[in-house]
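Asker: Pasting in a structure now, in structure tokens, and then I'll have a few things to ask.
The values are calculated or read from the model by the stated rules, or taken from the named source; none is laboratory data. All values derive from a computational prediction rather than experimental measurement. Using ideal geometry, Cβ is built from the backbone for each residue, glycine included, and neighbour counts are taken over all protein chains shown.
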Amino acid sequence: MKRAILVYAVLAVAATACGSDPDPVVDVDSAYDCTVEMRDEMYVAGMEKVSDTGTVFALLDSQPSPPAKVVDSDIDNLWTVQITDDAGNPVDIGATSDYADVCKTLDDPTCNTTLFLDPEMPDHGHGSTIKSQVKTTDTAGTYEIKKVNLWMSGYWEITMGAEDHGSVTFKLCIDG
């Protein structure tokens, strides 16, 4: 009888541990092994994506490089991007030499530029709640974006676009 009760107890604990929740809670600080991630693109400084309008969005540089989970930083990930139209001309997004918030969509009335940036974790159904900020550089069509907040290790899809120039998605895995 004691053996039957013990077996039943072990089975009950095992069934509870496995659970039936398809979306288990993930520890933000848990390690994520990007070597097994097949959907991401290997970050290379200068990587380019072309939108459906022919606009080229180039990720010229990232600090740190490659983009990483950064904790407790005003800069977070600092990206230098270049945006050129289908004829190779610099795209003006309305940024100035002072940092301005970048919105996740152009529908947001608080946007000060025509650039949008939306970092999302599709596996988790969330993104970043921190708005990135953009400013111009000395080169036309080249911008500095700070606070690209990839706060959690794992697979990220970062959609970047500009009004009337379409959008692209950078697919990156952040080690943790």
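Asker: Give me a count of the residues in segment 96-113 that are over 25 Å from Trp151 (Cα atoms) and in contact (Cβ under 8 Å) with a residue 12 or more places away in the chain. First the steps, then the outcome.
Answerer: Residues of segment 96-113 over 25 Å from Trp151 (Cα atoms): 96-97, 109.
Adding the requirement that they be in contact (Cβ under 8 Å) with a residue 12 or more places away in the chain leaves 96-97.
Total satisfying the criteria: 2.
Asker: Select from segment 144-176 the residues that are touching a Cys at 6+ places or on another chain (Cβ under 6 Å) and not hydrophobic (A, V, I, L, M, F, W, C) and write down the one among them that is farthest from His126 (Cα to Cα).
Answerer: Applying the first criterion (touching a Cys at 6+ places or on another chain (Cβ under 6 Å)) to segment 144-176 yields 155, 173, 175.
Okay, now just the ones that are also not hydrophobic (A, V, I, L, M, F, W, C), so 155, 175.
On the way: Tyr155: 11, Asp175: 18 Å.
Selected residue: Asp175.
Asker: Further question on the same structure: What do you reckon, is Asp123 charged (D, E, K, R) and either within 28 Å of Gly54 (Cβ to Cβ) or outside any loop (DSSP other than H, G, I, E, B) (or both)? Spell out how you get there, then give the answer.
Answerer: On the way: charged (D, E, K, R): yes; either within 28 Å of Gly54 (Cβ to Cβ) or outside any loop (DSSP other than H, G, I, E, B) (or both): no.
Here the answer is no, as Asp123 does not meet what is asked.
Asker: Working carefully through the options Thr84, Thr113, Thr55, Thr105, find the one that is crowded, with 16+ Cβ neighbours inside 10 Å, of a type in the set (Ser, Thr, Tyr) and modelled with pLDDT under 90. Write out each step before concluding.
Answerer: Working: Thr84 fails: modelled with pLDDT under 90; Thr55 fails: modelled with pLDDT under 90; Thr105 fails: crowded, with 16+ Cβ neighbours inside 10 Å.
It is Thr113.
Asker: Same structure again: Filter segment 132-150 down to the residues that are assigned to a loop (DSSP other than H, G, I, E, B) and either surrounded by 17 or more Cβ atoms within 10 Å (Cβ to Cβ) or in contact with a Pro (Cβ under 6 Å, 6 or more places away or on another chain) (or both) and list them by number.
Answerer: Restricting attention to segment 132-150, the residues satisfying the condition of being assigned to a loop (DSSP other than H, G, I, E, B) are 132, 137-141, 147-150.
Listed by number, the residues that qualify are Ser132, Ala140, Gly141, Lys147, Val148, Asn149, Leu150.
Asker: Moving on. Of everything in segment 89-116, what is assigned to a strand (DSSP E or B) and in contact with a Cys (Cβ under 8 Å, 6 or more places away or on another chain)? Give them in sequence order. Give the derivation first.
Answerer: Just the residues of segment 89-116 that are assigned to a strand (DSSP E or B), to begin with: 90, 100-101, 103, 115-116.
Within segment 89-116, Asp101, Cys103, Phe116 meet the criteria.
Asker: Would segment 123-142 turn up any residue that is modelled with pLDDT of 90 or more, under 15 Å from Phe57 (Cα atoms) and under 14 Å from the mean Cα position of the chain (by Cα)?
Answerer: No, segment 123-142 contains no residue that is modelled with pLDDT of 90 or more, under 15 Å from Phe57 (Cα atoms) and under 14 Å from the mean Cα position of the chain (by Cα).
Asker: So, one more: What is the one condition in (1) outside any loop (DSSP other than H, G, I, E, B); (2) of a type in the set (A, V, I, L, M); (3) at pLDDT below 75; (4) touching a strand residue (DSSP E or B) at 6+ places or on another chain (Cβ under 9 Å) that Leu6 does not satisfy?
Answerer: (4)
Asker: Is it the case, given these coordinates, that Asp175 is at pLDDT below 95, surrounded by 14 or more Cβ atoms within 10 Å (Cβ to Cβ) and within 19 Å of Arg39 (Cβ to Cβ)?
Answerer: Numbers: at pLDDT below 95: yes; surrounded by 14 or more Cβ atoms within 10 Å (Cβ to Cβ): yes; within 19 Å of Arg39 (Cβ to Cβ): yes.
Yes.
Asker: While we're here: Please pick out the residue among Gly161, Gly176, Gly154, Gly127 that is at positive phi and touching a residue at least 12 places away in the same chain (Cβ under 8 Å). Reasoning before the result, please.
Answerer: Working: Gly161 fails: at positive phi; Gly176 fails: at positive phi; Gly127 fails: at positive phi.
That would be Gly154, the only listed residue that is at positive phi and touching a residue at least 12 places away in the same chain (Cβ under 8 Å).
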